[in-house]
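To keep things clear, I will list the structure first and then write my remarks on it.
The values are calculated or read from the model by the stated rules, or taken from the named source; none is laboratory data. Predicted, not measured: the structure shown is a model, and the values here were computed from it. Here the Cβ positions follow ideal geometry from the backbone for every residue, glycine too, while neighbour counts run over all protein chains shown. Heads up: the accessible areas ignore ligands, DNA and RNA and are worked out on the full protein's heavy atoms, side chains in. Shrake-Rupley method; radii C 1.70, N 1.55, O 1.52, S 1.80 Å.
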Amino acid sequence: NSNRGPLPTSTTQRDMLAVGIAIVTYYIVIASTEVHKIVSQKAWLVFGIIGAVFALMGISGEFAARKAMREMPKFQKDMEDAAKMMQKQAEEMQKRMRQ
């Protein structure tokens, strides 16, 4: 049924993911500057870019999952058609072998 609606991932869950990535990035920057004495600006630049990449990967993954869910009924029908075709071919082969 193609009327299943969106994936269960809600806006709140996406927001929480973004907040989680931001908090982890903050902690890594603070730890890097305090423990390893890395310049704060350099740490923000490097770990900010890494955090942004993770956020983009999360968004990209969600879009891909939504696209796959939309295309699932077509894929299912194609697989059912292929299975029927293979069944017919197997039956025809059995008939030929009996002759």
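Which value in deg cm²/dmol, rounded to the nearest 500, describes the helix-derived mean residue ellipticity at 222 nm for the chain, given -39,500 (n - 2.57) per DSSP H run of n ≥ 4 and division by the residue count? Taken over the chain, the calculation gives -31500 deg cm²/dmol.
Distance from the alpha carbon centroid of the range 56-99 to that of the range 20-42 works out to 48 angstrom.
For Glu34, the accessible area of its heavy atoms, probed at 1.4 Å with every protein chain present, is near 120 square angstrom. In the range 13-53, the portion of solvent-accessible area held by carbon and sulfur atoms comes to 73 percent [1.4 Å probe, whole percent, DNA, RNA and ligands not counted]. Maximal additional length on extending the Glu71-Phe54 stretch stands at 3.6 nm, based on 0.36 nm per residue less the C-alpha distance. Of all lysines in the structure, the ones whose alpha carbon falls short of 19 Å from that of Lys67, not counting any fewer than 8 places away in one chain, are Lys77. Given R₀ = 41 Å, what would the calculated FRET efficiency be for Asp78 paired with Arg14, taking r from the Cβ atoms and rounding to 0.05? Efficiency, from the Cβ-Cβ distance: 0.85.
The long axis of helix 11-35 is offset from the longest Cα principal axis of the chain by roughly 40 degrees.
Only one of [x] 15.3; [y] 15.9; [z] 18.0 was calculated from the structure for Kirkwood radius over Cα pairs in Å, and its label is [z].
Since only Ser32, Met16, Gln94 are under comparison, the one whose Cα sits farthest along the positive direction of the charge dipole of the chain, derived from C-beta charges on Lys, Arg, Asp and Glu, is Gln94.
Considering only Lys84, Lys74, Lys42, the mean-square fluctuation computed in a Gaussian network model of the chain, springs between alpha carbons under 10 angstrom, is largest for Lys84.
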